[in-house]
Amino acid sequence: MTERTWTCMCGNFEGKVTGEPALAVWCHCGLCRKQTGSAMQLGVFENMEIIKGDDELIKFEATKGSGTFRNSCSKCGSFCYKVLAGGSKVAPLGALSGDIVKPTCHIFVAHKGNQPIMSPELPQHDEFP
């Protein structure tokens, strides 16, 4: 099975995913756009391991009580991973080592504003599929 690792910019955080993502997306939600300035490539992985630095992350719950947390490095500010309300873990595809994981669809396109879409041939969903 394929293993990929990633770190934050300062190296304080390191994570590992095993296998291919259950879902690989371009996310156009308002929070991803605020965090990155554009759509964000994300992968939902069944097998994610935090190797180091989880205790030093800022865990941000944008909607109080939602159970969805964005985790960013408290030292360099890098987005490290996200945990969805149901417990699924999401990694930033662009930060993973190894072969590139290409998104297979776009989500939250209803929230993208007038930003153009890269890879417009991929399926587009107004919400999470």
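Anything over 27 Å Cα to Cα? Flag those among Lys34/Lys102; Lys75/Lys102; Lys52/Lys89, in the order listed. Exceeds cut-off: Lys75/Lys102.
Between the amide H of Glu3 and those of Gly19, distances stay under 5 Å, these residues lying 5 or more places away or on another chain, with hydrogens modeled in the peptide plane. Ranked by solvent-accessible area (1.4 Å probe, protein heavy atoms only, all chains present), the residues Asp54, Asp126 order from largest to smallest as Asp126, Asp54.
Normalised by the number of residues in the chain, what is the relative contact order in percent for Cα pairs under 8 Å and 6+ residues apart? Walk me through the numbers on the way to the answer.
Working: 269 pairs, mean separation 33.6, N = 129.
26 percent.
Beyond 20 Å, the tail of the calculated P(r) for the chain holds 43 percent of the Cα pairs. Highest mobility in the GNM of the chain, judged by mean-square fluctuation with C-alpha springs under 10 Å and restricted to Lys102, Lys64, Lys112, is found for Lys64.
Across segment 88-105, coupling constants 3J(HN,Hα) worked out from phi with the 6.51/-1.76/1.60 Karplus curve, θ = phi - 60°, read 4, 10, 10, 10, x, 4, x, 9, 6, 6, x, 4, 5, 9, 8, x, 10, 6 Hz, and Gly and Pro carry x.
Using a cut-off of 15 Å between beta-carbons, work out the net charge of the residues near Lys52 (Lys and Arg +1, Asp and Glu -1, Lys52 not included). Walk me through the numbers before you get to the answer.
Details: positive: Lys16, Lys75; negative: Glu14, Glu49, Asp54, Asp55, Glu56.
Summing Lys/Arg as +1 and Asp/Glu as -1 gives -3.
Rank these by accessible area, largest first, 1.4 Å probe: Phe45, Phe69, Phe128, Phe79. Could you put the intermediate results ahead of the total?
Numbers: Phe45 5, Phe69 70, Phe128 105, Phe79 30 Å².
So, going from the largest accessible area down, we get Phe128, Phe69, Phe79, Phe45.
Our analysis of segment 81-129 gives Rg over Rh at 0.99, with the two radii drawn from alpha carbon positions and Rh computed by the Kirkwood formula. Here's the list of lysines a cross-link from Lys64 could span, going by alpha-carbon distance under 17 Å and ignoring same-chain residues fewer than 8 apart: Lys82. Taking Leu84, Leu96, Leu42 as the candidate residues, the one with maximal mean-square fluctuation in a Gaussian network model of the chain, Cα springs under 10 Å, is Leu84.
How many percent of DSSP beta bridges within segment 5-106 run antiparallel, rounded to 5?
On the way: 27 of 29 bridges.
If we restrict to bridges inside segment 5-106, about 95 percent are antiparallel.
The Cα atoms of segment 45-101 cover 36, 27, 17 Å along the three principal axes, with the biggest extent listed first. Between the C-alpha center of segment 71-129 and that of segment 1-65 there is a gap of 8 Å. Rounded to whole numbers, the Karplus 3J(HN,Hα) couplings from phi for segment 50-60 are 8, 7, 7, x, 4, 6, 10, 8, 8, 9, 10 Hz, using 6.51 cos²θ - 1.76 cosθ + 1.60 with θ = phi - 60°, and x at Gly and Pro. Comparing Asn114, Asn47, Asn71 in a Gaussian network model of the chain where C-alpha atoms under 10 Å apart are linked, the largest mean-square fluctuation is found at Asn114. The helix-only estimate of mean residue ellipticity at 222 nm for the chain, built from DSSP H runs of length n ≥ 4 each weighted as -39500 (n - 2.57), is -1500 deg cm²/dmol after division by the residue total.
Per residue, the chain exposes 55 Å² of accessible surface when a 1.4 Å probe is rolled over the protein heavy atoms with every protein chain present. A cut-off of 5 Å between modelled amide H atoms, ignoring neighbours fewer than 5 places along the same chain, links His106 with Trp26, Gln124, His125. For His111, the accessible area of its heavy atoms, probed at 1.4 Å with every protein chain present, is near 80 square angstrom.
Using θ = phi - 60° in the Karplus curve 6.51 cos²θ - 1.76 cosθ + 1.60, the 3J(HN,Hα) couplings for segment 77-87 round to x, 4, 6, 9, 5, 10, 10, 7, 3, x, x Hz; x is entered for Gly and Pro.
The values are calculated or read from the model by the stated rules, or taken from the named source; none is laboratory data. A quick note: this is a predicted structure, and the numbers were derived from the prediction, not measured. Neighbour counts run over all protein chains shown; Cβ positions are idealised from the backbone, glycine included. Areas reflect the complete protein model, heavy atoms only, side chains present, ligands, DNA and RNA absent. Shrake-Rupley method; radii C 1.70, N 1.55, O 1.52, S 1.80 Å.
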